[in-house]
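What follows is a short report on a single structure.
The values are calculated or read from the model by the stated rules, or taken from the named source; none is laboratory data. All values reported here derive from a predicted model rather than from experimental measurement. Here the Cβ is made from the backbone with ideal geometry for all residues, glycine too, and neighbour counts use every protein chain on show.
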Amino acid sequence: MSKSTVKYLGKRVLISLLTLLVIVAILFLMLKLMPGTPFNDEKLSEAQKAQLYAKYGLDQPLIIQFFTYIKNMMMGDFGTSFGISRNQPVANLILPRIPISFGIGIAAVILGTIVGIALGIYAAKHKNTAGDTIATLFSVLGVSVPSFVVALLLLLIFGVQIPVFPVLFDSDNIIVSSILPVIALSFGVIANVGRFTRSEMIAVLSSDYIALAEAKGLDSKLIIKKHAIRNALIPVITILGPILVNLMTGSMVLEQIFSIPGLGSLLVKGITVNDHNVVLAVAFLYSILYVVLMLIIDILYGIIDPRIRIAKGE
């Protein structure tokens, strides 16, 4: 790895860390400005509330609270839950839910990406045919129809009318219970990836270097595999990062529908009961995921297209 590449990556990591610091500051301030308090129990007197504020340091000036939270967070301490599970460390509430939410989200992205790329390539190769029209129609429906509508339809068909899959999430049978949520979440991914792949493949297949490769007598399958797909994947990778994060954050409704004990349902509960530490920790976790994915996408650019790597090095 060249010095210029190391310098570029170091700069990107530094920018990412600064971005996360700004994000946590904004989240912290927004939660403090929200109406209500973490201690909404009517049975608590004002004196008892004051004792609780003093116990958890909430009576300190806002700037001191913020830097105390940052210091504790860097040591893995995200505070204590005030409402969902009193006096329970927030980390203990989040950690068991991460594999469930991330597993379903990643599985949906993988399934949606594979099917979407295949659908987009097929539509581009059969441009202006019946197959292309059907693929385009599917993409429009996938973008237009919310994932929770697809989830309800799948639940009605395969959970009630044809009871193949469980209606509610079963922690003892995670794989089977995750099939319907994964399919519902992947529906939008297939549509977006398929639409982008189709448009990029059409542009690449009509480019001069593809025409030159065809003029040299190269096999059409080889041209598509080694040249067209490689260049068409760059914009597809661009949208995968935001799509994955959107699936994580947008799966809150699906987690409610299927009773999935994931991060989304925990975030909803935290907002409902003003459990600031839980809300801040989950929202910050999503932010970390987004920033890290953007960094990985930058690196993947250079792997897929050496010209981008050279430009970044310069």
If I63 satisfies every condition in (1) among the aliphatic types (A, V, I, L, M); (2) loosely packed, with under 14 Cβ neighbours inside 10 Å; (3) in a loop (DSSP other than H, G, I, E, B) but one, which is the exception? (3)
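Taking the conditions exactly as written (touching a helix residue (DSSP H, G or I) at 6+ places or on another chain (Cβ under 9 Å), closer than 19 Å to I23 by Cβ, buried (at least 20 other Cβ atoms within 10 Å of the Cβ) and modelled with pLDDT under 90), does F78 satisfy them or not?
Details: touching a helix residue (DSSP H, G or I) at 6+ places or on another chain (Cβ under 9 Å): yes; closer than 19 Å to I23 by Cβ: yes; buried (at least 20 other Cβ atoms within 10 Å of the Cβ): yes; modelled with pLDDT under 90: yes.
Criteria met by F78.
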Given (1) crowded, with 16+ Cβ neighbours inside 10 Å; (2) assigned to a helix (DSSP H, G or I); (3) within 29 Å of the chain's Cα centre (by Cα), index of the condition P38 fails: (2)
Since L137 meets every condition but one in (1) in contact (Cβ under 8 Å) with a residue 24 or more places away in the chain; (2) closer than 25 Å to L233 by Cα, which condition does it not meet? (1)
Suppose we keep only residues that are among the hydroxyl-bearing types (S, T, Y) and within 12 Å of the chain's Cα centre (by Cα) within the stretch 249-293. Which one would you say is surrounded by the most Cβ atoms within 10 Å (Cβ to Cβ)? S251
List pairs: first residue in the stretch 1-30 and closer than 29 Å to P61 by Cβ and part of a helix (DSSP H, G or I), second residue of a type in the set (A, V, I, L, M, F, W, C) and at pLDDT 85 or above anywhere in the structure, Cβ distance under 6 angstrom, at least six positions apart or on different chains. V24/F284; L27/L280; L27/A283; F28/F66
Taking V143 as the residue in question, decide whether it is in contact with a Lys or Arg (Cβ under 9 Å, 6 or more places away or on another chain), of a type in the set (V, I, T) and surrounded by fewer than 18 Cβ atoms within 10 Å (Cβ to Cβ). yes
